[in-house]
1. Among the residues of region 93-112 satisfying the criterion of being farther than 15 Å from residue 32 by Cβ and not hydrophobic (A, V, I, L, M, F, W, C), which is surrounded by the fewest Cβ atoms within 10 Å (Cβ to Cβ)?
2. Output the number of residues of region 37-75 satisfying the condition of being under 28 Å from residue 200 (Cβ atoms) and touching a residue at least 12 places away in the same chain (Cβ under 8 Å).
3. Out of the residues in region 175-203 meeting the condition of being under 18 Å from the mean Cα position of the chain (by Cα) and in a loop (DSSP other than H, G, I, E, B), tell me which one is nearest to residue 73 (Cα to Cα).
4. Kindly check whether there is at least one residue in region 142-158 that is of a type in the set (Gly, Ala, Ser), closer than 18 Å to residue 66 by Cα and free of Cβ contacts under 8 Å to residues at least 40 places away in the same chain.
5. Given (1) under 16 Å from the mean Cα position of the chain (by Cα); (2) surrounded by fewer than 20 Cβ atoms within 10 Å (Cβ to Cβ), identify the lone condition not met by residue 123.
6. Name the one entry in 96, 80 that is of a type in the set (Gly, Ala, Ser), modelled with pLDDT of 95 or more and in contact with a Ser or Thr (Cβ under 9 Å, 6 or more places away or on another chain).
7. Out of region 162-179, which residues are at pLDDT below 95 and touching a helix residue (DSSP H, G or I) at 6+ places or on another chain (Cβ under 8 Å)?
8. Only residues that are among the acidic types (Asp, Glu), closer than 24 Å to residue 191 by Cα and out of contact with any Asp or Glu (no Cβ under 9 Å at 6 or more places or on another chain): list them for region 70-121, please.
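The values are calculated or read from the model by the stated rules, or taken from the named source; none is laboratory data. Computed from a prediction, not measured in an experiment: that's the story for all the values here. No Cβ is skipped: glycine too gets one built from the backbone with ideal geometry, and neighbour counts run over all protein chains shown.
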Amino acid sequence: MQAEHMKTAAKLQPDPGLSRKPPKGSVTRLVVGLSGASGMPYALRLLEVLQGHSVETHLIVTKPAMQTLAVETADGLRMARALADHCYSNNDIGAAIASGSFRAHGMLVAPCSVKTLAEIANGIGSGLLTRAADVTLKERRRLVLGVRETPFTLAHLRNMTAVTEMGAIVAPPMPAFYTDGQNVEDLINHQVQRWLDLFDLHVDLAPRWEGMR
C-alpha cells in the first residue's frame, strides 16, 4: 500500500516554488491543515484539485505531518508547498490566518490526528494549525476534520462529540466501494470530492450515487 501511495504522489506535477499567484478574480479562501496522521496522498490530491478550481489555499504543515509525508509520499512536502498559494510554519502564531479578521471560506484538516482533534476539542491553540481551527469555530465558519485513527478510544469519541457540538464536521476518510473504484487513486478522488462537497465546492472526481438501476 505504501508503494501505491508513493506512486500516486509521483503522478502529481505541481507548479514550482513555495508560493503561487491565485487565479484572477478568486474570492474563495480555504485554510488547509496537515497534521501527523496517516493519509497524505489524500492531502496532496486535495491541494492539486483546489489549485485548478480558483480556490486560494493557505497551508499549514505540522512537524509530525512532515514526518508522515516522508514515509507515505515521494517528495510530498515540496509538492504540498508547491501546490498551495500560501504556506505557513506551524510556529507562526502571528500569521494572518490566526486572526478572525482574516476572511476565509473555512478550514479543512486532512489528515487530522487524534492529538490535533483533542487540542481543537479543548480550545488549545498550541500552534498555528489548532489556533486557525479555533478561529474558524469562533467565527462560525465551516471546519471539517478528516480524523484518521482506528480503533477509537472513548477519549477520541468524546472529543469528536465535543467538536461536533461546537459546529465542526467530523469526516474521516472512508473508502466507498459503490463507485466501483478500480485503484487507490479512485478511492482518493471519491474522498476528496466528499470533503469539498462540505464546503459547497463541487467537483466531479468520482461517480455519484444515482440510485439502484
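1. 101
2. Step one: filter region 37-75 for residues under 28 Å from residue 200 (Cβ atoms), giving 37-62, 65.
Then keep just the ones that are touching a residue at least 12 places away in the same chain (Cβ under 8 Å); that gives 37-51, 53-62, 65.
Number satisfying all stated conditions: 26.
3. Among them, the one singled out is 175.
4. Start the filter on region 142-158 by keeping residues that are of a type in the set (Gly, Ala, Ser), which leaves 146, 155.
Still in the running and closer than 18 Å to residue 66 by Cα: 146.
Subsequent filtering for residues that are free of Cβ contacts under 8 Å to residues at least 40 places away in the same chain retains none.
No, region 142-158 contains no residue that is of a type in the set (Gly, Ala, Ser), closer than 18 Å to residue 66 by Cα and free of Cβ contacts under 8 Å to residues at least 40 places away in the same chain.
5. Only one criterion in (1) under 16 Å from the mean Cα position of the chain (by Cα); (2) surrounded by fewer than 20 Cβ atoms within 10 Å (Cβ to Cβ) is unmet by residue 123, namely (1).
6. Values: 96 fails: in contact with a Ser or Thr (Cβ under 9 Å, 6 or more places away or on another chain).
None of the others qualify; the one that does is 80.
7. Start the filter on region 162-179 by keeping residues that are at pLDDT below 95, which leaves 174-179.
The answer is 174, 175, 176, 179.
8. Going residue by residue through region 70-121, those that are among the acidic types (Asp, Glu) are 72, 75, 85, 92, 119.
Add one more test, that the residue is closer than 24 Å to residue 191 by Cα, and what stays is 72, 75, 85.
Scanning region 70-121 gives 72, 75.
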